[in-house]
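Since the structure comes first, as structure tokens, the remarks are kept for the end.
The values are calculated or read from the model by the stated rules, or taken from the named source; none is laboratory data. None of the values given here were measured: they were computed from a predicted structure. Note that each Cβ is placed from the backbone with ideal geometry, even for glycine, and that neighbours are counted across all protein chains shown. For the accessible areas, the whole protein counts, side chains as well, though only heavy atoms, and no ligand, DNA or RNA atoms are used. Shrake-Rupley method; radii C 1.70, N 1.55, O 1.52, S 1.80 Å.
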Amino acid sequence: MTIKDFIERFRRDREFRAQTAGYRYVPPSPAVYAELDLPEEVRGALAREGISRFYSHQAKAIDSARKGENMVVMTPTASGKSLVYNIPVVESILADAGAKSLYVFPLKGLEQDQMRALNSLSSSIGIGNAGEVYDGDTTPYRRKKIREAPPNAVFTNPDMLHLALLPFHDKWADFFRHLRYVIVDEIHSYRGVFGSHAAQIFRRLRRICSYYGSSPRFITASATIANAGGLAEQLFGLPFTVVQESGAPSAGKHFFFVMPVNSPYTAATNFFVDCMKSDVRTIVFTKSRKITELIYKWTVESAPEIREKISPYRAGFLPAERREIERRLFSGKLLGVVSTSALELGVDIGGLDVCILCGYPGSVSGTWQRAGRAGRQGRESMIVLIAIEDALDQYFVRHHGECFEKSHEDAVIDSDPVYDTGKLTPLIDELVAERNLSRGREGDIWFSTDRRPHRNVGIRSIGERFTLVDEGGRSIGEVTGWRVFREAFPGAIYLHRGRQYRIIRLDIEGRKAVCTPVVSRYYTQPLTSGDTGIVKEKDKRALDKIAFSWGTLRITQRVTGYDRKRIHDRVTISTHDLDLPEHVFETEGLWTVIDAATQAAIESKGFDLGGTLHAVEHASIACVPLFALCDRGDIGGLSHTLFPQLGRPAIFVYDGHEGGVGLSRRLLDVAAEWLTAALKIIEECPCEGGCPSCVQDPQCGNRNEPLDKDGARFLLKRWIA
């Protein structure tokens with residue numbers, strides 16, 4: 001069956017049509033070419049690979065790089081971005097055999113693909129293999145050889161840059177001295193915690209290059225986001241030229257927006273099984289690790305004969321597991337995969353025909369990025385967005401036109417100027433007092449008292465890394481930071497590659513959770529308590545009828561117990577208490593105070609004050625991904641009927657990561673639009689008392705109690721009418 005036949009079959013299917021809330025066909029677009037002058041060696045090598053013409057964005061970007069500009073190219077998936085940086089790199093080697101380039105990719109799986117592409121081009125030109133990979137999978141022997149005689153191009157990732165290259169820059173002195181280009185692909189993935197850490201790493205890189213007398217140019221690439229140029233300038237602290245008019249052709253895409261009659265996960269599973277039985281190559285994207293595992297498990301139970309043709313894929317898998325899945329996908333041995341956002345980035349997994357989005361990805365940018373994983377070989381593709389019981393999902397299925405008309409969201413990070421010691425003085429003094437830093441003789445230089453402090457700082461998350469092991473000590477996976485208390489508490493059911501494990505012990509000092517295999521008909525959901533403290537107000541914004549303060553907050557969180565819930569109907573079957581330590585951290589957040597007149601109006605209408613504030617908190621948090629690239633889990637919130645520090649009721653929305661990552665600050669700039677979106681979600685939901693599609697939050701640690709949907713509608717209208 002061809003993909004066109006498969007799509008047409010589903011368009012005629014009565015059950016599928018009954019659940020389809022919208023359809024949009026994105027027609028193919030032709031290529032736009034431009035002239036590009038090239039050295040004969042390069043032109044000949046590309047011609048031998050079948051490349052004789054260049055897309056308009058490729059020519060523009062390469063010319064920009066040749067002029068010495070820092071450049072970001074923002075074009076769709078599979079638009080030939082690798083040539084944009086590989087051609088300037090090989091030209092620099094032809095001009096100077098000692099020229100060096102550094103390629104940085106957010107995932108290790110991307111490095112091998114890109115190294116092969118460069119080496120194919122450089123070998124065809126006649127300068128041999130130009131690049132080698134230097135990462136955690138590189139053997140110690142090869143690492144030593146690469147350090148002693150660096151190739152023209154080193155392929156690595158931000159983690160390795162942080163842990164192995166920058167701290168030992170003296171061993172890389174010749175490489176940094178002759179560094180001409182720094183290539184950073186997929187910069188849209190550098191957001192939130194990861195992006196904020198990476199910004200500091202790239203500043204360290206620039207500082208070291210300056211020390212050795214080089215000033216490399218940065219060539220970066222991004223999927224479509226609202227602020228690619230701004231993000232690049234925040235990441236690197238340099239001005240950037242943006243190239244964003246794509247000249248690459250694109251095949252037609254059939255978008256279906258589905259409002260399932262019953263469980264969205266059952267709908268996704270059934271559709272995936274149908275694709276597999278029709279031999280249609282398919283990827284299913286989910287919004288959580290748990291759902292990834294469940295859909296894989298249900299698919300295998302429904303159709304055991306396809307077990308060897310499919311696999312789950314997510315963060316938490318061991319590196320060797322992820323590489324093996326990627327290899328099997330690329331080779332065609334796997335027909336389908338169920339993945340979290342971990343496969344959203346450009347690992348070359350071959351041509352896929354169908355992309356199933358089990359839940360709105362949280363952003364227009366993410367929707368297009370994931371949709372781009374299908375139809376990569378010029379074939380038409382099918383994208384099916386199945387709405388889950390989530391406010392944002394329901395909003396976008398009802399307003400699916402916004403996926404094609406709405407501007408893409410901003411990627412947000414929290415970055416500082418390069419080593420602003422004035423701003424950092426209080427922190428430096430504190431570290432000196434704690435003997436973590438010692439002051440140098442000149443007074444403006446400080447040294448770590450730990451010989452290898454970088455090893456204690458992970459850049460992918462905030463918090464310590466915990467290992468999940470079975471009773472024999474075999475490693476199962478990893479969990480980081482506060483997540484371990486929510487997912488790996490004693491008694492929790494943890495899913496890994498379709499298998500269920502029950503956590504039998506959480507060893508906080510040893511940073512490990514011990515688990516045992518089980519077969520369970522229930523899942524577990526943590527119950528939490530929290531508190532907020534205002535440390536410092538830094539800014540204030542007023543709309544017509546509401547004012548927001550923004551600043552530093554101290555958040556206290558604790559997992560107090562958990563519910564066991566039946567998998568098939570989510571009914572609570574038992575509740576269990578836990579005695580776990582508090583998690584206390586400082587972050588950035590905004591808050592608003594409910595004045596006496598507003599409180600009186602809420603109560604005079606018969607609305608529950610606590611339920612009203614709680615419902616507004618949930619609905620507003622659900623809307624944050626409309627305005628900033630983030631996951632709902634990146635944002636936290638609390639509401640109080642009487643907040644002691646202010647003596648009034650208050651609602652807080654904060655960055656869910658220690659130190660903050662700039663998300664709540666972004667909300668100050670879009671406050672009116674943000675509250676309007678929250679009101680629209682509540683008004684358009686047909687339920688009477690509140691549901692997961694409007695004011696309920698599936699992660700609420702208080703079992704979504706109390707909630708007053710009508711009160712929330714009244715309060716939001718009062719603020720923005």
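Quick one: in segment 349-363, of everything that is at pLDDT 80 or above and open to solvent by less than 10 Å² (accessible area, probe 1.4 Å), which residue is farthest from F272 (Cα to Cα)? Quick ask: steps written out before the conclusion?
Narrowing segment 349-363 to residues at pLDDT 80 or above: 352-361.
Subsequent filtering for residues that are open to solvent by less than 10 Å² (accessible area, probe 1.4 Å) retains 352, 354-360.
Details: L352: 13, V354: 9, C355: 10, I356: 8, L357: 11, C358: 11, G359: 14, Y360: 17 Å.
Here the residue is Y360.
Can you tell which of G336, G346 is modelled with pLDDT of 85 or more and of a type in the set (G, A, S)? Full working, then the answer.
Details: G346 fails: modelled with pLDDT of 85 or more.
Going through G336, G346 in turn, just one is modelled with pLDDT of 85 or more and of a type in the set (G, A, S): G336.
Of the conditions (1) open to solvent by less than 10 Å² (accessible area, probe 1.4 Å); (2) more than 21 Å from Q19 (Cα to Cα); (3) part of a helix (DSSP H, G or I); (4) not basic (K, R), L294 clears all except one; give me its number.
In the conditions (1) open to solvent by less than 10 Å² (accessible area, probe 1.4 Å); (2) more than 21 Å from Q19 (Cα to Cα); (3) part of a helix (DSSP H, G or I); (4) not basic (K, R), L294 misses (1) alone.
State yes or no: is S549 assigned to a strand (DSSP E or B) and without any contact (Cβ under 8 Å) to a residue 12 or more places away in the chain? Even if it seems obvious, please write down each step before you answer.
Details: assigned to a strand (DSSP E or B): yes; without any contact (Cβ under 8 Å) to a residue 12 or more places away in the chain: no.
Criteria not met by S549.
Considering only segment 268-292, state which residues are under 19 Å from the mean Cα position of the chain (by Cα) and not β-branched (V, I, T). So that I can check it myself, show each step before the final result.
Start the filter on segment 268-292 by keeping residues that are under 19 Å from the mean Cα position of the chain (by Cα), which leaves 283-292.
F285, K287, S288, R289, K290, listed by residue number.
What are the pairs, 6+ residues apart or on separate chains, where a residue within segment 53-82 that is over 20 Å from P239 (Cα atoms) and part of a strand (DSSP E or B) has its Cβ under 9 Å from a residue that is open to solvent by 10 Å² or more (accessible area, probe 1.4 Å) and of a type in the set (D, E)?
Within 9 Å, the pairs are F54/E35.
So which residues in segment 396-434 are within 21 Å of the chain's Cα centre (by Cα), modelled with pLDDT of 75 or more and within 25 Å of G656 (Cα to Cα), if there are any at all?
F396
Considering only segment 169-188, how many residues are in a helix (DSSP H, G or I), crowded, with 19+ Cβ neighbours inside 10 Å and either out of contact with any Phe, Trp or Tyr (no Cβ under 6 Å at 6 or more places or on another chain) or of a type in the set (S, T, Y) (or both)?
Total meeting the criteria: 4.
Within segment 32-49, take every residue that is open to solvent by less than 30 Å² (accessible area, probe 1.4 Å) and either in a loop (DSSP other than H, G, I, E, B) or of a type in the set (S, T, N, Q) (or both) and give me the one that is nearest to I356 (Cα to Cα).
Filtering segment 32-49 for residues open to solvent by less than 30 Å² (accessible area, probe 1.4 Å) gives 36, 38, 42, 44-46.
Restricting the remaining residues to those that are either in a loop (DSSP other than H, G, I, E, B) or of a type in the set (S, T, N, Q) (or both) gives 36, 38.
Working: L36: 39, L38: 41 Å.
Looking at residues that are open to solvent by less than 30 Å² (accessible area, probe 1.4 Å) and either in a loop (DSSP other than H, G, I, E, B) or of a type in the set (S, T, N, Q) (or both), I get L36.
Please verify whether F255 is crowded, with 21+ Cβ neighbours inside 10 Å and either part of a helix (DSSP H, G or I) or β-branched (V, I, T) (or both), treating the condition exactly as stated.
On the way: crowded, with 21+ Cβ neighbours inside 10 Å: yes; either part of a helix (DSSP H, G or I) or β-branched (V, I, T) (or both): no.
So F255 fails the test.
Does F218 satisfy being under 24 Å from A95 (Cβ atoms) and in contact with a Leu (Cβ under 7 Å, 6 or more places away or on another chain)?
Yes; evaluated as a whole, the condition is true for this residue.
When residues of segment 602-612 are filtered for being within 41 Å of the chain's Cα centre (by Cα) and of a type in the set (G, A, S), how many remain?
So the count comes out to 2.
Looking at segment 602-721, what helices (runs of 4 or more DSSP H) fall wholly within it and have at least 3 residues that are open to solvent by 30 Å² or more (accessible area, probe 1.4 Å) and modelled with pLDDT of 95 or more?
709-720
So is Y523 touching a residue at least 60 places away in the same chain (Cβ under 8 Å) and aromatic (F, W, Y) or not? Spell out the reasoning first.
On the way: touching a residue at least 60 places away in the same chain (Cβ under 8 Å): yes; aromatic (F, W, Y): yes.
For Y523, the condition - touching a residue at least 60 places away in the same chain (Cβ under 8 Å) and aromatic (F, W, Y) - is met.
I need the full set of residues from segment 267-291 which are among the hydroxyl-bearing types (S, T, Y) and either over 23 Å from E487 (Cα atoms) or buried (at least 22 other Cβ atoms within 10 Å of the Cβ) (or both), in order please. Before you say what the answer is, go through the steps one by one.
Of segment 267-291, the ones among the hydroxyl-bearing types (S, T, Y) are 269, 278, 282, 286, 288.
T269, S278, T282, T286 - these are the residues of segment 267-291 that are among the hydroxyl-bearing types (S, T, Y) and either over 23 Å from E487 (Cα atoms) or buried (at least 22 other Cβ atoms within 10 Å of the Cβ) (or both).
Check segment 217-227 and report whether any residue there is part of a helix (DSSP H, G or I), over 30 Å from H399 (Cα atoms) and either touching a Phe, Trp or Tyr at 6+ places or on another chain (Cβ under 7 Å) or in contact (Cβ under 8 Å) with a residue 60 or more places away in the chain (or both). Before you say what the answer is, go through the steps one by one.
Of segment 217-227, the ones part of a helix (DSSP H, G or I) are none.
Looking for residues that are part of a helix (DSSP H, G or I), over 30 Å from H399 (Cα atoms) and either touching a Phe, Trp or Tyr at 6+ places or on another chain (Cβ under 7 Å) or in contact (Cβ under 8 Å) with a residue 60 or more places away in the chain (or both), one finds none in segment 217-227, hence no.
For segment 423-448, which residues satisfy the criterion of being surrounded by 13 or more Cβ atoms within 10 Å (Cβ to Cβ) and in a loop (DSSP other than H, G, I, E, B)?
Of everything in segment 423-448, just one residue is surrounded by 13 or more Cβ atoms within 10 Å (Cβ to Cβ) and in a loop (DSSP other than H, G, I, E, B), namely N436.
Exactly one condition in (1) at pLDDT 95 or above; (2) in contact with a Gly (Cβ under 7 Å, 6 or more places away or on another chain) is not met by V42; state its number.
Among (1) at pLDDT 95 or above; (2) in contact with a Gly (Cβ under 7 Å, 6 or more places away or on another chain), V42 violates only (2).
Just the residues that are more than 31 Å from the chain's Cα centre (by Cα) and either without any contact (Cβ under 8 Å) to a residue 40 or more places away in the chain or more than 19 Å from F54 (Cα to Cα) (or both), please, taken from segment 11-41.
R11, R12, D13, R14, E15, R17, A18, E35, L36, D37, E40 - these are the residues of segment 11-41 that are more than 31 Å from the chain's Cα centre (by Cα) and either without any contact (Cβ under 8 Å) to a residue 40 or more places away in the chain or more than 19 Å from F54 (Cα to Cα) (or both).
Output the number of residues of segment 478-503 satisfying the condition of being open to solvent by 40 Å² or more (accessible area, probe 1.4 Å) and on the phi > 0 side of the Ramachandran plot.
1
Can you confirm whether A21 is in contact with a His (Cβ under 8 Å, 6 or more places away or on another chain) and either assigned to a helix (DSSP H, G or I) or open to solvent by 10 Å² or more (accessible area, probe 1.4 Å) (or both)? Full working, then the answer.
On the way: in contact with a His (Cβ under 8 Å, 6 or more places away or on another chain): yes; either assigned to a helix (DSSP H, G or I) or open to solvent by 10 Å² or more (accessible area, probe 1.4 Å) (or both): yes.
For A21, the condition - in contact with a His (Cβ under 8 Å, 6 or more places away or on another chain) and either assigned to a helix (DSSP H, G or I) or open to solvent by 10 Å² or more (accessible area, probe 1.4 Å) (or both) - is met.
Does segment 139-149 contain at least one residue that is among the aliphatic types (A, V, I, L, M), closer than 19 Å to Y212 by Cβ and open to solvent by 10 Å² or more (accessible area, probe 1.4 Å)? Outline the logic, then answer.
Going through segment 139-149, the residues among the aliphatic types (A, V, I, L, M) turn out to be 146, 149.
So of that shortlist, the ones also closer than 19 Å to Y212 by Cβ come out as 146, 149.
If we keep only those that are open to solvent by 10 Å² or more (accessible area, probe 1.4 Å) as well, we get 149.
The answer is yes; a qualifying residue exists.
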